Every structure is written in structure tokens, then in C-alpha cells.
1. Kindly indicate the residue of region 86-118 that is surrounded by 14 or more Cβ atoms within 10 Å (Cβ to Cβ) and small (G, A, S) and also modelled with the lowest pLDDT among those meeting that condition.
2. Which is closer than 24 Å to I4 by Cα, in contact (Cβ under 8 Å) with a residue 60 or more places away in the chain and within 19 Å of the chain's Cα centre (by Cα), of L242, L226, L234?
3. Return the residue satisfying two criteria in turn: it lies in region 157-169 and is in a helix (DSSP H, G or I) and not β-branched (V, I, T), and of such residues it is farthest from the ligand (Cβ to nearest atom).
4. Among residues belonging to region 168-183 that are in contact (Cβ under 8 Å) with a residue 12 or more places away in the chain and not small (G, A, S), point out the one that is surrounded by the most Cβ atoms within 10 Å (Cβ to Cβ).
5. Just give me the residues in region 1-35 being outside any loop (DSSP other than H, G, I, E, B) and among the small types (G, A, S), in sequence order.
6. When the residues of region 36-62 are filtered to those that are assigned to a loop (DSSP other than H, G, I, E, B) and away from the ligand (no atom under 16 Å from the Cβ), which remaining residue is farthest from the chain's Cα centre (by Cα)?
7. Taking the condition of being in a loop (DSSP other than H, G, I, E, B) and either of a type in the set (D, E) or open to solvent by 70 Å² or more (accessible area, probe 1.4 Å) (or both), how many residues in region 122-144 meet it?
Amino acid sequence: MKVIVTDDYEIMSREAAKVVAAEVKSKPDSVFALPTGGTPLGLYAELIRMHKEEGLDLSKVSTFNLDEYIGLPLNHESSYHYYMYDKFFNHVNVSEDRVRIPNGLIENPEEESLAYEWAIKRAGGIDLAVLGIGRNGHIGFNEPKTEFGSLTRPIYLAKRTIEANARFFGEDPDSVPRQAISMGIRTIMNSTKIILLASGAEKARAINQTVHGPVTEMVPSSVLQLHPDCTLILDEAAADELEPSANGFVPGPGTRTMIY
Ligand code: PGA
């Protein structure tokens with residue numbers, strides 16, 4: 001697995017944006033899996049800048065969000081629908097008919113999950129999955145003990161995730177929905193390429209387990225060790241518990257790359 005350690009959050013976000021932009025340039029109709037949360041805000045801001053100032057054209061890409069809460073109205077400020085339009089889609093030229101976010105309001109979330117898997121297949125599969133990571137190593141909303149063979153499905157959020165996400169719900173854990181629809185581990189692992197972003201000391205332990213730990217369903221992100229083209233893009237704080245790598249090199253200012 002490749003690990004790019006950057007001096008800070010800004011450089012981490014720019015490095016991630018470079019990977020996304022390179023993907024779009026090499027394949028304008030690329031299919032992306034996209035994350036929400038605090039971590040990718042800088043990436044979305046940089047992509048918006050590249051679109052406005054450098055003409056990055058996103059008109060042909062397709063996007064599938066990793067997850068969505070069950071039961072939140074689409075215009076609820078904490079829904080991932082709201083987040084994606086507010087932070088990204090409203091400011092770039094992604095075509096609305098190529099945007100897909102799980103519908104957490106549908107009566108039958110199992111059927112929605114199946115339809116979501118089919119939609120990904122029909123789009124030709126995911127070319128680049130962009131991931132965040134939870135403190136417990138979750139990717140998407142795939143919490144510890146999720147089977148590596150899992151596909152998109154309704155899930156229950158872990159207590160730690162509810163507590164961590166309370167900051168998006170006025171610091172009130174009771175307002176955080178208990179359920180969500182999430183792409184599965186296998187859905188994510190089927191992507192041709194994966195990048196995972198992490199920033200801050202609170203992610204350092206999960207990153208250590210992702211890179212050095214045993215591959216175990218107790219740490220969902222550890223499965224990424226088995227992916228043939230996965231890059232972690234970290235800031236210094238998130239990389240703090242990594243062992244030095246014998247294969248390190250310095251590709252550019254503010255970044256160093258390590259191969260594990
Ligand atoms: P965060 O969430 O970016 O808000 O820390 C990441 C995640 O839980 O996957």
C-alpha cells in the first residue's frame with residue numbers, strides 16, 4: 001500500500017484533488033465513490049477551485065456516495081444529500097443525472113441497496129473510490145465486524161460513530177440517526193483505485209491499524225492492505241503512529257511517500 005504523508009491538511013487536500021483531477025483527465029467519464037464528513041471538505045474546495053480557475057471539467061463523471069442516513073429529509077442540513085450539493089455539486093458542472101446518493105427515505109432500504117449495486121454495475125463499476133476513515137477504522141458506514149464480503153445494505157451505526165457525528169447534529173447524540181445505507185466492503189474493494197484521506201491525531205491509531213495491523217473485520221479499513229491500488233493520503237498528525245518505511249521517497253514539497 002502506498003502512503004503519502006503531507007505537512008498539513010491543506011496539502012493533504014491538494015494531493016487528493018490532484019489524484020481526482022488526473023483520473024478525470026485520463027478518463028472523463030470516470031465513476032467515483034465519494035465520501036462526506038469533515039475530512040473531504042478541503043478536497044471538495046480544491047476541486048471547485050480547479051473547476052473555476054483551471055477549467056476542470058466534471059460534466060461526464062458519475063458519482064456514487066458511500067452512504068446516507070436512513071430517515072433524514074433530503075433538505076435536512078445534516079443529510080449527506082444536503083452536504084454533497086452544498087459543499088460540492090452546486091459549485092461544479094457534475095451532471096445531476098449522474099449523481100447517485102442512497103435514498104434513506106425509501107420504504108424498503110433493502111431494495112434501494114440492491115438497486116444501488118445494480119446502478120454501480122450499470123455505470124461500469126467504480127474507477128476511483130475516495131474514502132475517509134472513522135476512529136474505529138470504519139470505511140463508509142462499515143463498522144467493525146462488517147463482513148468483508150458485504151455489499152450495499154442498511155446498517156446500524158456504532159456508538160462511537162454516533163458520538164463522533166453528534167458534532168453535525170448540534171452536539172446532540174440523540175439526534176443522530178441510528179441507521180444508514182452504506183456501500184459494502186466488497187463494493188468498495190471492487191473499485192479499480194482507492195484513496196483514503198485522514199487528518200488529525202484522533203485518526204492516528206486507526207491509520208496504524210490500517211497499515212500495520214492484522215487484516216481483520218474488527219478493523220474494516222485493514223482490508224485495504226489487500227487492494228492492489230490503494231493510496232492513503234495523510235497529514236503528519238494522522239501518520240504519527242506509522243513505522244518508518246524502508247521504501248520512502250520525497251516526491252515534492254510538503255509531501256513524502258512511503259510504500260508498505
Ligand atoms: P470525518 O469522518 O471525516 O468527519 O472524520 C470520517 C468517517 O467517519 O468516515
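1. The qualifying residue modelled with the lowest pLDDT is G104.
2. Values: L242 fails: within 19 Å of the chain's Cα centre (by Cα); L226 fails: in contact (Cβ under 8 Å) with a residue 60 or more places away in the chain.
Answer to the selection: L234.
3. Applying the first criterion (in a helix (DSSP H, G or I)) to region 157-169 yields 159-168.
Still in the list and also not β-branched (V, I, T): 159-160, 163-168.
Working: K159: 13, R160: 10, E163: 11, A164: 6, N165: 7, A166: 11, R167: 8, F168: 8 Å.
Here the answer is K159.
4. M183
5. Keep residues of region 1-35 that are outside any loop (DSSP other than H, G, I, E, B), which gives 2-6, 9-26, 31-34.
Selection gives S13, A16, A17, A21, A22, S26, A33.
6. Of region 36-62, the ones assigned to a loop (DSSP other than H, G, I, E, B) are 36-40, 55-61.
Those left that are additionally away from the ligand (no atom under 16 Å from the Cβ): 55-61.
Details: G55: 24, L56: 21, D57: 21, L58: 18, S59: 21, K60: 20, V61: 17 Å.
So the residue we want is G55.
7. So in region 122-144, the residues in a loop (DSSP other than H, G, I, E, B) come out as 123-127, 132-138, 140-141, 143-144.
With the extra rule that they be either of a type in the set (D, E) or open to solvent by 70 Å² or more (accessible area, probe 1.4 Å) (or both), the set shrinks to 127, 135, 143.
Of the residues in region 122-144, 3 are in a loop (DSSP other than H, G, I, E, B) and either of a type in the set (D, E) or open to solvent by 70 Å² or more (accessible area, probe 1.4 Å) (or both).
Here's the yes/no breakdown for (1) at positive phi; (2) open to solvent by 70 Å² or more (accessible area, probe 1.4 Å):
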site	(1), (2)
A21	no, no
P28	no, no
G38	no, no
L43	no, no
R49	no, yes
G55	yes, no
K60	no, yes
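The values are calculated or read from the model by the stated rules, or taken from the named source; none is laboratory data. Note that the coordinates shown come from a computational prediction; the quantities given were computed from them, not determined experimentally. Glycine gets a Cβ as well: all are built from the backbone with ideal geometry, and neighbour counts include every protein chain shown. Note: areas computed on protein heavy atoms with side chains; ligands, DNA, RNA excluded. Shrake-Rupley method; radii C 1.70, N 1.55, O 1.52, S 1.80 Å.
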